[in-house]
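The values are calculated or read from the model by the stated rules, or taken from the named source; none is laboratory data. These numbers come from a predicted model, not from an experiment. Cβ sites come from the backbone with ideal geometry, for glycine too, and all protein chains shown count toward neighbours.
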Amino acid sequence: MKAKPPDFDKLREKQKAAAKRAALRAVRRARRTAATAGVELSEWEGEFLGGVEERVETYGRAFADPDKGAPGQALSALQTRKLKEIAAKASGEPPKRGRRRPE
C-alpha cells in the first residue's frame with residue numbers, strides 16, 4: 001500500500017495556526033508575568049502588547065509586510081525582539097543593550 005502524499009496546504013495551515021497560538025501565548029505570558037511580579041509596564045508597552053494580541057487574533061499575524069517576517073510566523077523579527085525585551089523586564093532581568101565588543 002502506498003503512502004498518501006502530504007497535503008502541503010493543510011500542513012501550512014497547521015503551521016500558521018501553531019505560530020498564532022505561540023504568539024498569543026507569548027504576549028499573554030509577558031502580560032501575566034508583569035502583573036504577578038508587580039512590574040509597571042509603560043503606556044507604550046501596554047499598547048504594544050494589546051495591539052499585537054488584537055492583530056494576531058484578527059488576522060493571524062501582527063505585520064502586513066511579508067518582508068518583515070518569515071512566511072509562517074505570526075510576529076515580525078522586531079516584534080519578537082520587543083516582546084522578549086518586555087518579558088525580560090517583567091521577569092526582572094536587566095535590559096540587554098546590543099553586543100559589546102571585547103576590549
Next on the checklist: Checking the conditions here, which among ALA90, ALA34 is in contact (Cβ under 8 Å) with a residue 60 or more places away in the chain, in a helix (DSSP H, G or I) and more than 30 Å from LEU11 (Cβ to Cβ)?
Outcome noted: ALA90
Checklist entry - If you go through region 38-61 one residue at a time, do you hit one that is within 11 Å of the chain's Cα centre (by Cα), surrounded by 11 or more Cβ atoms within 10 Å (Cβ to Cβ) and not in a helix (DSSP H, G or I)? => result yes
Next on the checklist: Against the condition assigned to a helix (DSSP H, G or I), at pLDDT 90 or above, farther than 25 Å from ARG97 by Cβ and out of contact with any helix residue (DSSP H, G or I) (no Cβ under 7 Å at 6 or more places or on another chain), how does ARG12 come out, does it pass?
Outcome noted: no
